[in-house]
Structure formats: structure tokens, C-alpha cells
1. State the number of residues belonging to region 51-92 that are assigned to a helix (DSSP H, G or I), farther than 15 Å from Ala37 by Cα and not hydrophobic (A, V, I, L, M, F, W, C).
2. For Leu52, indicate whether it is closer than 24 Å to Thr31 by Cα and either surrounded by 13 or more Cβ atoms within 10 Å (Cβ to Cβ) or modelled with pLDDT under 95 (or both).
Amino acid sequence: MQERPNSLYEKLIGIDMNSHQKDRIMFAAETPSVEEAIEFAVQAIDRGDYKLGNAALDWVLQKEPDNPIAWIWMACCLTDEESKRSCYSRIS
């Protein structure tokens, strides 16, 4: 019996396609929970795919603009210090 993927990222990682296509699948084919989208973003950032991580976090922040975890990880996707500070300032 084949084990089912535990996360949205695991569902997409085995598919042979580029990040943009995976991004479209994540947000169009499925409606992930905020927690799944954050997990997806963190895993993308951990493997160096900041663009995909940023896209997932954008989606989260549209749904929950005051989500502190999303803002912390969004800062990790940015290179501009002023933009990072702006992310950190959103955390209460």
C-alpha cells in the first residue's frame, strides 16, 4: 500500500513541473487551509524557492492580514532591509 502525502508540498513535489505551475495548482486546483499554505511556503523557502514561498505567503496574508507567522516568513523571502522591517512591524 502506497503512503499518502501528508502535506500539500508533498503532494506537489513529486510532480514534474516548474514552480509557477505548482503555484497555480496549489491555489487553483485545491483550496488549502492557511496552515497548509504556510507549511508549503516554509518548505519552499527552506529549499531556496523564495518566489514560491512569497506567493504562498501572499495568499495567506490576503486571507489573514494579521497572521504573525506569515509576516515573519515573508520577511525571510525579501532582500530589501526596509521591506523586511515593514514585515516585522506588522507583527503585534
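1. 8
2. yes
The values are calculated or read from the model by the stated rules, or taken from the named source; none is laboratory data. If you're wondering where the values come from, they're calculated on a predicted model, not measured in any experiment. When we count neighbours, we look across all protein chains shown, and the Cβ atoms used for this are built from the backbone with ideal geometry, even at glycine.
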